[in-house]
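The values are calculated or read from the model by the stated rules, or taken from the named source; none is laboratory data. Because the structure is predicted, anything quoted here is derived from the model rather than measured. Cβ: placed from backbone, ideal geometry, glycine included. Neighbour counts: every protein chain shown. Just so you know, the surface numbers come from the protein's heavy atoms only, side chains and all, with ligands and any DNA or RNA stripped out. Shrake-Rupley method; radii C 1.70, N 1.55, O 1.52, S 1.80 Å.
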Amino acid sequence: QVQLVESGGGLVQAGGSLRLSCAASGSIFSVNTMGWYRQAPGKQRELVASITSGGSTNCVDSVKGRFTISRDNAKNTVYLQMNNLKPEDTAVYYCNADVFTPFFDGMVDYWGKGTLVTVSS
């Protein structure tokens, strides 16, 4: 019913950049907070950055100054610009969105299937 599709992952060298995109589609009335999470092998999933519908942002300390989250409300799309990538950024990155769907008459938390980011040294 509602799908989140990520794109933009890949293999880069340390110091390089990637731009991740996530587009929400389906039975959507509105999209509230959107965010990016990541999970590295052997580690728990962690929040990387989030952005509200009004544009307020938060990000984890380890990526401050390097990553920037943004969104296009008209396209129901969230972006993550990742600069100066480090090997420790290697992980599967997951898109998350709180979506109001009229079929549930409330907010539902949706996840994308993930996109792999690999940073080599």
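At a glance:
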read-out: Size of electric dipole in the chain: Cβ of Lys, Arg +1 and of Asp, Glu -1, about Cα centre, debye, nearest 20; value: 300
read-out: Quotient of Cα Rg and 2.2 N^0.38 Å for segment 81-121, N being how many residues it contains; value: 1.68
read-out: Per residue, in Å², the accessible surface of segment 2-121 once ligands and nucleic acids are set aside, probe 1.4 Å; value: 53
read-out: Candidate lysines - alpha carbon under 21 Å from residue 64, same-chain residues fewer than 8 apart omitted; value: 43, 86
read-out: Segment 1-54, relative contact order in percent, only Cα pairs under 8 angstrom and at least six apart counted; value: 29
read-out: Kirkwood Rh, Cα atoms: Rg over Rh of segment 1-62; value: 1.00
read-out: Surface share of carbon and sulfur [accessible, 1.4 angstrom probe, percent] for the chain; value: 48
read-out: Relative contact order for segment 19-121, counting Cα pairs under 8 Å that sit 6 or more residues apart, in percent; value: 31
read-out: Cα pair count fraction exceeding 13 Å, expressed as % - segment 43-118; value: 72
